[in-house]
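Chemist: Dropping the structure in here first, questions after.
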Amino acid sequence: MPFDPMAFTMKRNTQQHQQSTKTTPAKQQKSDAHEFAKFIIVLLILNFGLIRPFIVEAYRIPSGSMEDTLLVGDQILVNKFIYGVKIPGTDIKIFDFHKPTRGDVFVFIPSHDERHFIKRIVAVEGDTVETRGDTLYVNGKVVDDGSYTKHLPFRQFRRNFPPFRQPEYIPTGENFDDYTLTERQFRRKFPQGNPFTVPKGMVFAMGDNRDQSSDSRFWGPVSVDDIKGQAFMVMFSVANRPVKLWEVWKMVGNIRFDRIGKLISSEQDLLKIN
């Protein structure tokens, strides 16, 4: 049989191609692992490099100052994008489609503390605010907040505002001087009361659990620049009851399934001025 060099070359090339395209299980697993690793890296970049700093972040509620709107053990989601994103090194904000509004439940860091606080905005710049007993007045009108606030049956805290209850945290200046007097001095100077006017670029924050909340009635209004975002949803919730590691049934029992995915009412949904 005559030797055909062309046929031999084609056959040899075909065998080499088959060998080169055939993937061993070990190589396939290595490739799959590599792709999965890339996927995880992308998720981490999105979470810590984009989503977490700029768009959404989770916070855990550590105290009862916002009960019964938020409970201790609630894990909430905060929209960090809604009030705009400040360009680093400038005072310019982009995408600030929503201004801080009466009724917003928001997260911020007050000037006197390094921790994150969560409260409700009850007044914005230019508004007047005062409390008498259990009643909140904004711009001289009663705020209809009975459906989401609560008060202790006894007077654990002094309920009337002004004056501020921790004047050491209040800045000096004509906007504040009269409101850093002692309660007796303030009542003597203003027997008919003197509502506080929220300065420009600030909001007045109060907890829904009115008598168990350290808020603007104590240490003053919050600068808009200190706001971190608006709370909009309870992502997860677990009761703060002691459980041993092997008591799985108690762990499950501590989960508040009825709160998962609950939207947090905000804006003008609840805070209405009569």
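Chemist: Filter the range 212-229 for residues that are part of a helix (DSSP H, G or I) and either surrounded by fewer than 18 Cβ atoms within 10 Å (Cβ to Cβ) or among the aromatic types (Phe, Trp, Tyr) (or both) and give the result. Full working, then the answer.
Modeler: At the first step, the residues of the range 212-229 found to be part of a helix (DSSP H, G or I) are 212, 216-219, 224-226.
Once the filter is applied, which keeps residues that are part of a helix (DSSP H, G or I) and either surrounded by fewer than 18 Cβ atoms within 10 Å (Cβ to Cβ) or among the aromatic types (Phe, Trp, Tyr) (or both), the range 212-229 yields 212, 218, 219, 225, 226.
Chemist: What single numbered condition from (1) within 26 Å of residue 143 (Cα to Cα); (2) basic (Lys, Arg); (3) out of contact with any strand residue (DSSP E or B) (no Cβ under 6 Å at 6 or more places or on another chain) fails to hold for residue 241?
Modeler: Looking at each condition in turn, residue 241 falls short on (1).
Chemist: Separate question: Residues of the range 243-252 being loosely packed, with under 14 Cβ neighbours inside 10 Å and within 26 Å of the chain's Cα centre (by Cα), which ones?
Modeler: Restricting attention to the range 243-252, the residues satisfying the condition of being loosely packed, with under 14 Cβ neighbours inside 10 Å are 244-250, 252.
Residue satisfying the conditions is 252 alone.
Chemist: Still on this model: Of the conditions (1) touching a Phe, Trp or Tyr at 6+ places or on another chain (Cβ under 6 Å); (2) closer than 29 Å to residue 74 by Cα, residue 153 satisfies every one except a single condition; which number is it?
Modeler: All conditions pass for residue 153, except number (1).
Chemist: Can you work out which of the residues in the range 256-274 that are modelled with pLDDT of 90 or more and surrounded by 14 or more Cβ atoms within 10 Å (Cβ to Cβ) is farthest from residue 89 (Cα to Cα)?
Modeler: Just the residues of the range 256-274 that are modelled with pLDDT of 90 or more, to begin with: 256-264.
Still in the list and also surrounded by 14 or more Cβ atoms within 10 Å (Cβ to Cβ): 256, 259-260, 262, 264.
Numbers: 256: 42, 259: 40, 260: 38, 262: 37, 264: 33 Å.
Checking each candidate, the answer is 256.
Chemist: Oh, and also: Filter the range 80-91 down to residues that are more than 14 Å from residue 223 (Cβ to Cβ) and not basic (Lys, Arg) and give me whichever is modelled with the highest pLDDT.
Modeler: The first filter runs over the range 80-91 and keeps only residues more than 14 Å from residue 223 (Cβ to Cβ), leaving 80-82, 84-85, 87-90.
The next check asks that each one be not basic (Lys, Arg); those that pass are 81-82, 84-85, 87-90.
Numbers: 81: 80, 82: 84, 84: 78, 85: 74, 87: 73, 88: 72, 89: 75, 90: 75.
Result: 82.
Chemist: Considering only the range 83-106, how many residues are aliphatic (A, V, I, L, M), surrounded by fewer than 20 Cβ atoms within 10 Å (Cβ to Cβ) and touching a residue at least 24 places away in the same chain (Cβ under 8 Å)? Step through it out loud before you land on a result.
Modeler: Within the range 83-106, the first condition is being aliphatic (A, V, I, L, M), and the residues that meet it are 85, 87, 92, 94, 105.
Still in the list and also surrounded by fewer than 20 Cβ atoms within 10 Å (Cβ to Cβ): 85, 87, 92, 94.
From the residues that got through so far, the ones that are touching a residue at least 24 places away in the same chain (Cβ under 8 Å) too are 85.
Looking only at that region, the number is 1.
Chemist: When you scan the range 92-142, how many residues do you find that are at pLDDT 90 or above and assigned to a strand (DSSP E or B)?
Modeler: Residues that pass the stated criteria total 23.
Chemist: Additional query: Return the total of residues in the range 185-208 being among the polar types (S, T, N, Q) and crowded, with 23+ Cβ neighbours inside 10 Å. Spell out the reasoning first.
Modeler: Pass one, the range 185-208, residues among the polar types (S, T, N, Q): 185, 192, 194, 197.
After this cut, where a residue has to be crowded, with 23+ Cβ neighbours inside 10 Å as well, the list is none.
The total comes to 0.
Chemist: From the list 236, 164, 232, 218, which one is under 21 Å from residue 120 (Cα atoms) and in contact with a helix residue (DSSP H, G or I) (Cβ under 7 Å, 6 or more places away or on another chain)? Reasoning before the result, please.
Modeler: Values: 236 fails: in contact with a helix residue (DSSP H, G or I) (Cβ under 7 Å, 6 or more places away or on another chain); 232 fails: in contact with a helix residue (DSSP H, G or I) (Cβ under 7 Å, 6 or more places away or on another chain); 218 fails: in contact with a helix residue (DSSP H, G or I) (Cβ under 7 Å, 6 or more places away or on another chain).
So the residue among 236, 164, 232, 218 that is under 21 Å from residue 120 (Cα atoms) and in contact with a helix residue (DSSP H, G or I) (Cβ under 7 Å, 6 or more places away or on another chain) is 164.
Chemist: May I pose another question? Being among the small types (Gly, Ala, Ser) and in contact (Cβ under 8 Å) with a residue 60 or more places away in the chain: is that true of residue 193 here?
Modeler: Numbers: among the small types (Gly, Ala, Ser): yes; in contact (Cβ under 8 Å) with a residue 60 or more places away in the chain: yes.
Yes; evaluated as a whole, the condition is true for this residue.
The values are calculated or read from the model by the stated rules, or taken from the named source; none is laboratory data. This structure is a prediction, so every number in the text was calculated from the model and none was measured. Cβ: placed from backbone, ideal geometry, glycine included. Neighbour counts: every protein chain shown.
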